[in-house]
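Heads up, the thing below is written out as structure tokens.
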Amino acid sequence: MNKPSYFNYDFGKLIQCFDKRMRKVQDNMLSKFNLTHFHAWYLANLHRYGEMNMTDLTNKIGVDKANTTRAVKDLINKGYIEKIGNSERKFNIRLSEKGKNVAQKFKDRIDKMMKDSFKYFNEDEKIKFFELLNKLFNGVNNVRNI
């Protein structure tokens, strides 16, 4: 009997569906603050790591500088992030009190969603899943243009 090839399954579709659902949850939660999933990981990373510069934030999230510049500018204008320092080009950023409040609510919502998503996994399965996802991510990062 032939074993099915895991590479024949549509992993891309599954990952896209999961990502779409996560973004929808984020958008629903953040819409009352006039924010979207575009802002979510900036708030989450500043909440988790505290004050940092734009380069460090860009690297933590894994996006390009232009996205970070747009998101941070928007979050500053909306009062969720504060600039630290007087220089226009070199400065750190941190969450304002308003930003801390939203970031904590976002964290709580994502924590609940993850808990619900993994409720049928035991601890070993959760660890293995995380390890496999990291391997997949590293594999995709190593793919050159085809």
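The values are calculated or read from the model by the stated rules, or taken from the named source; none is laboratory data. In this text the structure is predicted, and so the values were computed from the model without any measurement. Don't worry about glycine lacking a Cβ; one is built from the backbone with ideal geometry, like all the others, and counts go over all protein chains shown.
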(message) For a quick check of your reading of the model, give me the residue pairs whose first member lies in the range 32-43 and is over 17 Å from residue 79 (Cβ atoms), whose second is among the hydrophobic types (A, V, I, L, M, F, W, C) and in a helix (DSSP H, G or I), with beta-carbon atoms closer than 6 Å and at least 6 apart or on different chains.
(response) 41/61
(request) Those residues that are of a type in the set (Val, Ile, Thr) and part of a loop (DSSP other than H, G, I, E, B), I need them from the range 26-62; list them, please. (result) 36
(request) Look at residue 126 and say whether it is in a helix (DSSP H, G or I), modelled with pLDDT of 90 or more and surrounded by fewer than 12 Cβ atoms within 10 Å (Cβ to Cβ). (result) no
(request) Name every residue in the range 69-87 that is in a helix (DSSP H, G or I) and among the hydroxyl-bearing types (Ser, Thr, Tyr), in order of residue number. (result) 69
(request) Being in contact (Cβ under 8 Å) with a residue 24 or more places away in the chain and either touching a Cys at 6+ places or on another chain (Cβ under 9 Å) or assigned to a helix (DSSP H, G or I) (or both) is the filter here, so list the residues in the range 93-116 that pass it. (result) 99, 100, 102, 103, 104, 105, 106, 107, 109, 110, 113
(message) Test of understanding: among 68, 55, which residue is more than 24 Å from residue 129 (Cα to Cα), surrounded by 15 or more Cβ atoms within 10 Å (Cβ to Cβ) and among the polar types (S, T, N, Q)?
(response) 68
(request) Give just the number: which of (1) out of contact with any strand residue (DSSP E or B) (no Cβ under 6 Å at 6 or more places or on another chain); (2) free of Cβ contacts under 8 Å to residues at least 40 places away in the same chain does residue 78 not satisfy? (result) (2)
(message) residue 90 - would you say it is in a helix (DSSP H, G or I) and either in contact (Cβ under 8 Å) with a residue 60 or more places away in the chain or charged (D, E, K, R) (or both)?
(response) no
(request) Being more than 15 Å from the chain's Cα centre (by Cα), surrounded by 13 or more Cβ atoms within 10 Å (Cβ to Cβ) and more than 15 Å from residue 50 (Cβ to Cβ) is the filter here, so list the residues in the range 92-116 that pass it. (result) 98, 101
